[in-house]
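All remarks here apply to the structure that follows.
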């Protein structure tokens with residue numbers, strides 16, 4: 001049986017009227033389905049922590065990354081925050097984010113994840 005280490009990272013705060021501010025896309029466009037500025041900063045921190053060997057065995061480098069299916073247009077559809085949270089990490093590691101599972105599809109997601117080995 002192969003070994004699997006599963007890391008769960010929660011996406012950052014929802015945009016709010018005053019605090020924590022507006023959501024913005026990676027391109028800087030206002031979007032109520034995207035991360036707030038602090039969320040983008042945290043996404044960069046995840047890339048630094050999980051994207052290097054500095055965390056040792058406590059924070060291993062992932063070999064695959066999953067995120068809920070994002071919306072396809074600013075201010076429409078499901079949240080882009082889960083995918084945006086892991087974009088910097090995926091870019092640093094040269095990995096493609098698996099976003100085949102939408103919110104509400106958690107059972108199929110876990111069926112897929114549990115077939116893997118390594119660190120997800």
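The values are calculated or read from the model by the stated rules, or taken from the named source; none is laboratory data. Here the structure is a predicted model, which is why all the values come from computation and not from measurement. A quick note on method: Cβ atoms are made from the backbone with ideal geometry, for glycine too, and the neighbour counts reach across all protein chains shown.
Residues that are touching a strand residue (DSSP E or B) at 6+ places or on another chain (Cβ under 7 Å) and over 22 Å from residue 49 (Cβ atoms) within segment 66-100 are absent altogether. Selection of segment 103-118 for residues being out of contact with any helix residue (DSSP H, G or I) (no Cβ under 9 Å at 6 or more places or on another chain), closer than 23 Å to residue 81 by Cβ and assigned to a loop (DSSP other than H, G, I, E, B) yields 104, 105. Against the conditions (1) in contact (Cβ under 8 Å) with a residue 60 or more places away in the chain; (2) in contact with a helix residue (DSSP H, G or I) (Cβ under 9 Å, 6 or more places away or on another chain); (3) part of a loop (DSSP other than H, G, I, E, B), residue 86 satisfies every one except (3).
Among the criteria (1) part of a loop (DSSP other than H, G, I, E, B); (2) closer than 20 Å to residue 3 by Cα; (3) at pLDDT below 90, the one residue 62 does not fulfil is (3).
Going through segment 23-45 one residue at a time, which ones are modelled with pLDDT of 90 or more and under 18 Å from residue 96 (Cα atoms)? Matches in segment 23-45: 43, 44. The residues on offer are 34, 79, and the sole one that is part of a loop (DSSP other than H, G, I, E, B), surrounded by 14 or more Cβ atoms within 10 Å (Cβ to Cβ) and touching a helix residue (DSSP H, G or I) at 6+ places or on another chain (Cβ under 8 Å) is 34.
The lone criterion from (1) more than 22 Å from residue 116 (Cα to Cα); (2) modelled with pLDDT under 90; (3) surrounded by fewer than 17 Cβ atoms within 10 Å (Cβ to Cβ) left unmet by residue 53 is number (1). Only residues that are in contact with a helix residue (DSSP H, G or I) (Cβ under 6 Å, 6 or more places away or on another chain) and in a loop (DSSP other than H, G, I, E, B): list them for segment 37-57, please. 51, the sole residue that qualifies.
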